[in-house]
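Working notes for the structure below.
The values are calculated or read from the model by the stated rules, or taken from the named source; none is laboratory data. This is a predicted model, so every value here is computed, not measured. Please note: Cβ atoms are built from the backbone with ideal geometry, for glycine as well, and neighbour counts cover all protein chains shown. Keep in mind that these areas ignore ligands, DNA and RNA; they rest on the heavy atoms of the full protein, side chains included. Shrake-Rupley method; radii C 1.70, N 1.55, O 1.52, S 1.80 Å.
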Amino acid sequence: MTGFVVQAMSDGRIYVGNLPKDVQERDIEDLFFKYGKIRDIELKNNRGTIPFAFVRFEDPRDAEDAVFGRNGYGFGDCKLRVEYPRSSGSKFSGPAGGGGPRGRFGPPSRRSEFRVIVTGLPPSGSWQDLKDHMREAGDVCFADVQRDGEGVVEFLRREDMEYALRRLDSTEFRSHQVRVLGKHFSSLNRKFRQIQFIPRVFFFFLIKRSFNKKNCK
């Protein structure tokens, strides 16, 4: 690890790259406030270039957590690049060379086994809205919404998943009460829906057919 990166780690400053073109400072604050108190945000959004920013935390340990939690994070259609900058001075030349520190600082996996099923979603609810709603429980690495009002959310950590099951079940989401259930519920619920939506005429046809078979014996 270079001296520049070590110095950047010590003063709590991080580089945030690959931001969407319409990003604003408050969007960056929303992305990182959960990791700790932010001292300042320096947004660079020049015409013709991909926006990037520098965020300084009061506590360098919060910066470390932000790098771990937000590197590779999906923000709109962009995949964020979060790492330590080359310099901690007032003038910045971009992220640390060689793709940034590896190991714990690498991007988190985009899929996880720590999965919950969310039911009762409104038709207007998007995966971004669902992801924002579930962030109260912790770091969400994946979210998806189906047309039938069911969604899937995956967390980076087991404790976040367990918190979501305990605290976010039967909460309000866009004026709808949603259920948060374990991942085993999905296949059982799908089978139930398949039975539930058998056309009524066909259902009575099956009963009549079964009745006739018994009478023929």
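Tabulated data
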{"read-out": "Answer from SER90, SER109 - the residue that is modelled with pLDDT under 70, of a type outside the set (Val, Ile, Thr) and either over 28 Å from ASP132 (Cβ atoms) or buried (at least 19 other Cβ atoms within 10 Å of the Cβ) (or both)", "value": "SER90"}
{"read-out": "Single unsatisfied condition, GLY69 versus (1) open to solvent by 10 Å² or more (accessible area, probe 1.4 Å); (2) in contact with an Asp or Glu (Cβ under 8 Å, 6 or more places away or on another chain); (3) of a type in the set (Gly, Ala, Ser); (4) modelled with pLDDT of 85 or more", "value": "(1)"}
{"read-out": "Tabulated pairs, region 12-32, first open to solvent by 20 Å² or more (accessible area, probe 1.4 Å), second basic (Lys, Arg) and at pLDDT below 90, C-beta under 9 angstrom, 6+ apart or interchain", "value": "TYR15/ARG86"}
{"read-out": "Lone qualifier among ARG61, ARG56 - being in contact with an Asp or Glu (Cβ under 6 Å, 6 or more places away or on another chain), over 23 Å from GLU154 (Cβ atoms) and not assigned by the TED database to the domain that holds GLN128", "value": "ARG56"}
{"read-out": "Residues within region 158-180 that are of a type in the set (A, V, I, L, M), surrounded by 16 or more Cβ atoms within 10 Å (Cβ to Cβ) and farther than 14 Å from GLY120 by Cα, tallied", "value": "2"}
{"read-out": "Among (1) open to solvent by less than 60 Å² (accessible area, probe 1.4 Å); (2) more than 24 Å from ASP77 (Cα to Cα), the one test that PHE155 misses", "value": "(2)"}
{"read-out": "Selection from region 33-49 of residues that are touching a residue at least 12 places away in the same chain (Cβ under 8 Å), out of contact with any Pro (no Cβ under 9 Å at 6 or more places or on another chain) and either outside any helix (DSSP H, G or I) or loosely packed, with under 15 Cβ neighbours inside 10 Å (or both)", "value": "GLY36, LYS37, ILE38, ARG39, ASP40, ILE41, GLU42"}
{"read-out": "Conditions (1) surrounded by 13 or more Cβ atoms within 10 Å (Cβ to Cβ); (2) modelled with pLDDT of 90 or more; (3) among the acidic types (Asp, Glu); number of the one not met by ASP132", "value": "(2)"}
